[in-house]
1. Hey, among the residues in segment A:90-119 that are more than 20 Å from the chain's Cα centre (by Cα) and within 20 Å of residue B:129 (Cβ to Cβ), which one's surrounded by the most Cβ atoms within 10 Å (Cβ to Cβ)?
2. Considering each of B:314, B:295 in turn, give the residue that is under 28 Å from the mean Cα position of the chain (by Cα), more than 13 Å from every other protein chain (Cβ to nearest Cβ) and crowded, with 18+ Cβ neighbours inside 10 Å.
3. At the interface with another protein chain (Cβ under 10 Å from one of its Cβ atoms), in contact with a helix residue (DSSP H, G or I) (Cβ under 6 Å, 6 or more places away or on another chain), at pLDDT below 90 and over 22 Å from residue A:234 (Cβ atoms): which single residue out of A:116, A:133, A:122 fits that description?
4. Just to be sure I understand, how many residues within segment A:204-222 are modelled with pLDDT under 90 and buried (at least 20 other Cβ atoms within 10 Å of the Cβ)?
5. Which of the helices (runs of 4 or more DSSP H) found entirely inside segment A:223-337 contain at least 2 residues meeting this: in contact with a helix residue (DSSP H, G or I) (Cβ under 8 Å, 6 or more places away or on another chain) and surrounded by fewer than 23 Cβ atoms within 10 Å (Cβ to Cβ)?
6. Being in a helix (DSSP H, G or I), farther than 30 Å from residue A:226 by Cβ and in the same structural domain as residue B:279 (by TED's automatic domain parsing) narrows it down to one residue among B:180, B:121; which is it?
7. Quick check on my filter: what residues within segment B:99-122 are more than 7 Å from every other protein chain (Cβ to nearest Cβ), without any contact (Cβ under 8 Å) to a residue 24 or more places away in the chain and within 15 Å of residue B:82 (Cβ to Cβ)?
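The values are calculated or read from the model by the stated rules, or taken from the named source; none is laboratory data. This is a predicted model, so every value here is computed, not measured. With ideal geometry, Cβ positions are generated from the backbone for all residues, glycine too; neighbour counts draw on all protein chains shown.
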């Protein structure tokens, strides 16, 4: 047996590239069209909400002009409607929430990624996720029944000793023999702490995710150079996770601005333009919507929708900025928020 | 001490093996080569001294705070006591550590204590939330009627042995079931479109869906209220509440499913297509089964989010105190709304019923959460 090798001119056997059918077969086309149709439908539904809100806002803005953003009162019967005070109230509650949520969330993330024994790490991660899954009404109950009686005296303490700082002022006498307990309840301070409980796990989960991706080589390098655990955190973990810290905090802020039911349960609505978180009475955009929708006429409804649009736009801008910060930073690689 | 590491052949044998290549080891005769085995250093474990100092500081801080809060100053309040105690603990820890350790070590301990303390506060907050709900619900939970009866003809003064939250539970289940039936095909279809078909239009859809995850839930409720109820004249009903929940959940689930589908290895897709499967068969038999645990987790977490949301149902469903079996006819209660309205009423017995509903809701969310965890673990085990 011998093998016969054909000898051919290379030019005569030049392979002609097979024509791959670019046109899809029937079932593929049906699939692509079907998927596109579902996508278009969802686009119409979700985008429709945004467009609907924007369209509803036009008559309101045309009627009230820019005064809509600066007017503090919400008195539709007197044709005076504005979101000045509720915007300030929303910012106050969110600011108080972030004052508590940022340090505690950062500490939790650092503890889980740097300090916790390896055995309980997975459990702690689940607990933080569980904390994010607890319904907001339950936190509302916690804030209203458990926190409020405890935080009232704390607010009075802050007022007594730090009352000379404007933000800790309350319109009452802290040294009175029978101090006015009610002046310190139903405030932005208590609502803010409750909201902090909801946004903290969100922010903390993003931060921990980023911290856990800090490069091992750099950690070990820092340890080998004699760094303490704090040294590793300061020189490796925090610089690497800066994007995650900022992004997680902003995501939490976005959630804090839109939180409704816990705030509605705790605050006593007021339309004063003030920045005194410890004092009774504040209002937020979402609480305004939930409190006023029932007896609204169609004009008032479109005013409420405009307030909702403003809230949505603020949240959207913050979330987009958060996504950009996380993806731009070094820590963005592989993080998923 | 002479350490012989290999047998050394005599000269004659060396000559015999001239032909082959062999390696010979030198006899080492210069003292011990191997250092005595060093005990492995524990890098992270705290020493007994550290632990003693920390525990002692904690005890000292607690005691000093007791003196300050309850004996010297009028701060007799658990919260003030905890804050004062923690600050004093940090101060005492710093002083006690600086006796034995140098500057960086002291800072390290101090920051470690602050971070551990912060995490402990968060843990305490979570535990207190769950425990407080169940403790306040304890008087109402043992009554069987709480799970099987509704609140029709139950007055504010009626004892806990009459009436229950079953109507709200049924309403919640029905509303969330409708929302899931509406949301899941759309969300899954969109996720498949975004990952499997792609193109510039898919990018537009993805951008809009991601933007809509920022929609506050109360605005979703207000949208459905003004479109369905005010403009189209639907009554306040279970179906309106389900629509509000769907509007809220759709972007969340679509985005989560998109993330899950994106991490399916493209090698699997290519293998299926190379075997001649159509794109639809590839998605149905390869992509979706591979991503099933992740999709289930995304769905369950979306349900857990939806079932606890109060503001969309507050605006759209109305609250009926009795069983409503049809979601189309009229007002219908749900657990979050029941909790909100009972707590707002301020009647002590109503508040207890509200807490019972909260405990049931929390249990449901916990069960969903554990189910999601188990499914996720199944994925990582593969």
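1. Per the criteria, the residue is A:112.
2. Only one candidate qualifies: B:295.
3. Going through A:116, A:133, A:122 in turn, the sole match is A:133.
4. Residues flagged as modelled with pLDDT under 90 and buried (at least 20 other Cβ atoms within 10 Å of the Cβ) within segment A:204-222 amount to 8.
5. Once the helices (runs of 4 or more DSSP H) in segment A:223-337 are filtered for at least 2 residues that are in contact with a helix residue (DSSP H, G or I) (Cβ under 8 Å, 6 or more places away or on another chain) and surrounded by fewer than 23 Cβ atoms within 10 Å (Cβ to Cβ), what remains is A:229-232, A:238-258, A:285-292, A:298-328.
6. B:180
7. Within segment B:99-122, just B:120 meets the criteria.
Matching residues to (1) in contact with a helix residue (DSSP H, G or I) (Cβ under 9 Å, 6 or more places away or on another chain); (2) closer than 23 Å to residue A:133 by Cα:
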| position | (1), (2) |
| --- | --- |
| B:110 | yes, no |
| B:131 | no, yes |
| B:137 | yes, yes |
| B:171 | yes, yes |
| B:180 | yes, yes |
| B:196 | yes, no |
| B:203 | yes, no |
